[in-house]
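First up is the structure itself, then whatever we jot down about it.
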Amino acid sequence: MELLPILRTLGRNKVGAALIALQIAVTLAIISNSLSMIQQRVRWMDRPTGIDEANIFSLSNTWSADPPDPKAPIEADLAALRSLPGVIDAEATNNTPLQGYEWHWPLAKGSDHQQFTAWTAIYTVDEHGLAAYGLNLVAGRWFTASEIGEIHLREVKFPAAVVVTQTVANALFPQGNALGQMLYFQHAGSSRIVGIVRTMQRPGDAEGWGNPWREYCVFTPFLYVNNGLTYVVRTAPGQQRAIMRAAPAKLREITHERIIQDVEPFSEIRFRAHRGNRSTVMMLGALSTLLLAITAFGVIGLTMYWVGQRRRQIGMRRALGARRVDILRYFHTENLLIAGTGCLLGVAMGLGGNTWLAQRLEIARMTLLYACSGALIVLVLCQLAVLWPALRAASVPPAIATRGL
């Protein structure tokens, strides 16, 4: 089919064609960015925390009255939890991944403790921390019982030895020689790296969109001593629900003068932490679907209008021997030219808009793949949208050309 007659026809209907092309461009720019942001959010929600999520639960404990020596009841609670059948290990901690307020400290680049490198989250653990969290130790060792000290709320201490995540080790020592090196805290102390775990997420980091330090974590050998803390319990596979019911009762056997709350598996913590991300994904998905529907109805409406205007010309073509498939091909080609122009403009608008968003929202840059994927979706949608009006045009009888003569 020759394109020149189609282009001449579009030239006589340039306002309608231009409006549809602009609508397609705007739709493509929005949905391509939405697809990119949805993928980023889904990937964010799927990031591993580094712990044995399927078999861990936590509970919050507060004594009714401040004990004179909080360390003794904490150790008694941990011994009771560890004695439960099916418990692999238990830990008292200042925070857990994806929830709560984190302890953090800026890292320094060198021994002068001045040049800022990154913010790192601080986890307090004892010799049971590796097993209680189910962490993957990839190099070095974990802490021994003799290295465990005490730390209280608002107390600042820097131990002789620390364990870091692989992300911290790679960032500070890209040559791969982090083990045994000194880790410097800005304007404060220093510690020697004795172990490296594969990964660990920060507390309360689920909604930290674009946080470049989300896996910067340092483990310090301290028992967190406070009236009000979290117990993390890791169970054998299949035992979690039963031990979640048994753990509060076991603790109350020691003393009833306590408040136990927030007994929940880590799966619920993850689900709650990512509510904002899921809402964003649903909102962007609904917006993209609505825009695609509006664009499709716009294409249908404009094509139906043009079919109504050209009934005599279509009938004349049919009388001169044009087949139904020729009429279908004509309208699909015409639509492809309009949609293709809109997609080219939309790709440029989408990439430009993403650059603006990336600078202001600190989101990852969209690749050309998402713009091209969005263009393919829009092109297919437009071709499907024009099918029904094109079928109606193809059904125009040749006799319509002689009416009114």
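Report the charge-dipole magnitude of the chain in Debye, nearest 20, computed about the Cα centre from +1 at each Lys and Arg Cβ and -1 at each Asp and Glu Cβ.
Working: 38 positive and 28 negative charges, 688 e Å.
It comes to approximately 3300 debye.
Sorted from fewest to most neighbouring beta carbons within 10 Å, what does the list Asp46, Asp262, Asp89 look like? The partial results should precede the final answer.
On the way: Asp46 8, Asp262 13, Asp89 19.
Fewest to most other Cβ atoms nearby, the residues stand as Asp46, Asp262, Asp89.
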Exercise. Any idea which of Val163, Gln240, Tyr184 is furthest toward the positive side of the dipole for the stretch 65-256, if Lys and Arg beta-carbons carry +1 and Asp and Glu beta-carbons -1?
Worked result: Gln240
For this session: First check a/c for the stretch 167-306, with a ≥ b ≥ c the square roots of the eigenvalues of its C-alpha gyration tensor; if it is under 1.5, answer rounded, and if not, answer prolate when a/b is larger than b/c or oblate otherwise.
Result: oblate
For this session: Mind checking which lysines have their Cα closer than 21 Å to the Cα of Lys250? Skip sequence neighbours fewer than 8 apart in that chain.
Result: Lys71
For this session: Pull up the DSSP beta bridges for the chain and report the antiparallel fraction as a percent, rounded to 5.
Result: 70
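Calculate how many DSSP beta bridges within the stretch 95-201 are antiparallel, expressed in % of all such bridges and rounded to the nearest 5.
On the way: 15 of 20 bridges.
Given both bridge residues lie in the stretch 95-201, the antiparallel proportion sits at roughly 75 percent.
Taking the beta-carbon count within 10 Å as an exposure proxy, list Val163, Val194 from fewest neighbours to most.
Val194, Val163
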Problem set entry | the stretch 65-256: antiparallel DSSP beta bridges as a percent of all, rounded to 5 | 60
Exercise. If the cut-off is 16 Å between C-alpha atoms, which aspartates and glutamates fall inside it for Lys157, apart from same-chain ones fewer than 8 positions away?
Worked result: Glu102, Asp126, Glu147
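Any read-out appearing in this document is the output of simple, stated calculations on the displayed coordinates, not a laboratory observation. Because the structure is a prediction, the values reported are computed rather than measured. Neighbour counts are summed over all protein chains in view; Cβ atoms, including those assigned to glycine, are modelled from backbone coordinates with ideal geometry.
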